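Undergrad: Can you keep this structure in mind? I'll have questions shortly.
The values are calculated or read from the model by the stated rules, or taken from the named source; none is laboratory data. Everything quoted here is computed from the prediction, not taken from an experiment. Every residue, glycine among them, receives a Cβ derived from its backbone with ideal geometry; neighbour counts consider all protein chains shown.
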Amino acid sequence: MELTNYDGGLQKPLGTTFNAKTTSTEVIKGINLTGKVAIVTGGNTGIGLETVKALASAGATVIVPARDYAKAKINLQGIENVEIEEMDLINPLSIDQFADKFLNSRRALHLLINNAGIMWVPLRRDDRGIESQLAINYLAQFQLTKRLWPALKMADGARVVNVSSQGHQFAPFNFDDPNFENRPYETLLAYGQSKTAVNLFSLELDHRAKAFGVRAYSLHPGSIGGTELAREAPLELFVKMGFCDAVGNLLPEVAASLKSIPQGASTTIWCATSPALNDIGGVYCEDNDVANVNVGQEFSSGVKPYSLDKHNAARLWAYSERITNSSFQCN
């Protein structure tokens, strides 16, 4: 019988020696990536930058596609084995141009880390009318992975690691109105459905791609201090959510719960390199292990069943092909 993670069939902790406080440096210790090629989106800031540092330190050649080339060049200065390219995830043509350039290099792609994302943004749409969080957090992942499929298959053993979030618990994917055309826009609902889409995509991609040696994972990096993710968030929202006081100071209990950037990047590195996942894919991970299924109503650790639903995963794949005007056949 074929083992898949449809409906959470494989969604059980493995009991690793790591935990929420483990850093990316600890996870990468002893891992040799010499001769491997990785692409890390959003790799010039926050946990993406830490991910690049860890992979490069283990010998991988790391390619960082960036919207702001000049900023990326400054932030990545001094890190060996790094190449910077231009790509804007809100622009489908830019994604295709980046992918074409990489494919023309005729290199195999061993690790695709879809790390880039946005959150807490006002209603914006791309040129197709797609809500921006859905466009950048998910559809760009789908398109980039699809376009790089030949290079992933060429690796004869590749992993696609999609950075999701506990925020997927804010909302399932709304197939009836994904772009808030007929319902009031709420930024956290939009974020939640985009991250639910990431989980469903990882589930379905792993099922379709594993016959070609490509495995896929999604993960929650944790709540992390010091990133740029909240740069557009209004203070009123953080006060309402109980994160800070009226003048913007983080509440002590909130500050104490945040991970450092090296801790936040560790689960990405674990998903990308851990031998414990050699025969497992399509799972949602957190704190350097496979997460539990969260069947309750509370917002807490684990993954919601709607993020692992077999029917939803297939339906989302078809939707994504239609929106990106491309067929993603893993063959």
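Undergrad: Can you name the residue in the range 98-150 that is part of a strand (DSSP E or B) and under 13 Å from the mean Cα position of the chain (by Cα) and is also farthest from D177 (Cα to Cα) among such residues?
TA: Looking at residues that are part of a strand (DSSP E or B) and under 13 Å from the mean Cα position of the chain (by Cα), I get L111.
Undergrad: Looking at K304, is it in contact with a Phe, Trp or Tyr (Cβ under 7 Å, 6 or more places away or on another chain), in contact (Cβ under 8 Å) with a residue 40 or more places away in the chain and buried (at least 16 other Cβ atoms within 10 Å of the Cβ)?
TA: no
Undergrad: Okay, next question. Exactly one of these conditions fails for K29: (1) within 16 Å of the chain's Cα centre (by Cα); (2) surrounded by fewer than 24 Cβ atoms within 10 Å (Cβ to Cβ). Give me its number.
TA: Exception for K29: condition (1).
Yes/no matrix, rows are residues, columns are (1) surrounded by fewer than 15 Cβ atoms within 10 Å (Cβ to Cβ); (2) over 20 Å from H168 (Cβ atoms); (3) under 17 Å from the mean Cα position of the chain (by Cα):
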site: V283; (1), (2), (3): no, no, yes
site: A291; (1), (2), (3): no, no, yes
site: N294; (1), (2), (3): no, no, no
site: S300; (1), (2), (3): yes, no, no
site: K310; (1), (2), (3): no, no, no
site: L316; (1), (2), (3): no, no, yes
site: S326; (1), (2), (3): no, yes, no
site: Q329; (1), (2), (3): yes, yes, no
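Undergrad: Could you figure out which of (1) over 27 Å from N32 (Cβ atoms); (2) touching a strand residue (DSSP E or B) at 6+ places or on another chain (Cβ under 9 Å); (3) of a type in the set (D, E, K, R); (4) exposed (fewer than 15 other Cβ atoms within 10 Å of the Cβ) isn't true of R107?
TA: (1)
Undergrad: Looking only at the range 110-134, filter to residues that are among the acidic types (D, E) and closer than 30 Å to G222 by Cβ; which one of those is surrounded by the fewest Cβ atoms within 10 Å (Cβ to Cβ)?
TA: The selected residue is D126.
Undergrad: Has the range 263-274 got any residue that is polar (S, T, N, Q), surrounded by fewer than 12 Cβ atoms within 10 Å (Cβ to Cβ) and at pLDDT 95 or above?
TA: No; the residues of the range 263-274 include none that is polar (S, T, N, Q), surrounded by fewer than 12 Cβ atoms within 10 Å (Cβ to Cβ) and at pLDDT 95 or above.
Undergrad: Identify the residue in the range 41-85 that is assigned to a strand (DSSP E or B) and of a type in the set (A, V, I, L, M) and, among all such residues, is surrounded by the fewest Cβ atoms within 10 Å (Cβ to Cβ).
TA: The selected residue is I84.
Undergrad: Something else: Which residues, counting only those in the range 194-223, are more than 19 Å from W149 (Cβ to Cβ) and surrounded by fewer than 24 Cβ atoms within 10 Å (Cβ to Cβ)?
TA: Matches in the range 194-223: G222, S223.
Undergrad: Here are some residues: L250, L277, L235. Which one is surrounded by 14 or more Cβ atoms within 10 Å (Cβ to Cβ) and either at pLDDT below 85 or under 21 Å from S300 (Cβ atoms) (or both)?
TA: Result of the check over L250, L277, L235: L250.
Undergrad: Continuing with the same structure: Looking at C271, is it assigned to a strand (DSSP E or B) and out of contact with any Gly (no Cβ under 6 Å at 6 or more places or on another chain)?
TA: When the stated conditions are applied, C271 does not pass them.
Undergrad: Name the single residue that is surrounded by the most Cβ atoms within 10 Å (Cβ to Cβ) among those in the range 166-193 being aliphatic (A, V, I, L, M) and assigned to a helix (DSSP H, G or I).
TA: It comes out as A190.
Undergrad: Sticking with this one: Would you check which residues across the range 156-165 are in a loop (DSSP other than H, G, I, E, B) and either in contact with a Cys (Cβ under 9 Å, 6 or more places away or on another chain) or crowded, with 16+ Cβ neighbours inside 10 Å (or both) and list them?
TA: If the condition is that a residue be in a loop (DSSP other than H, G, I, E, B) and either in contact with a Cys (Cβ under 9 Å, 6 or more places away or on another chain) or crowded, with 16+ Cβ neighbours inside 10 Å (or both), then S164, S165 are the ones that fit.
Undergrad: So which residues in the range 257-268 are outside any helix (DSSP H, G or I) and either of a type in the set (S, T, N, Q) or touching a His at 6+ places or on another chain (Cβ under 9 Å) (or both), if there are any at all?
TA: S260
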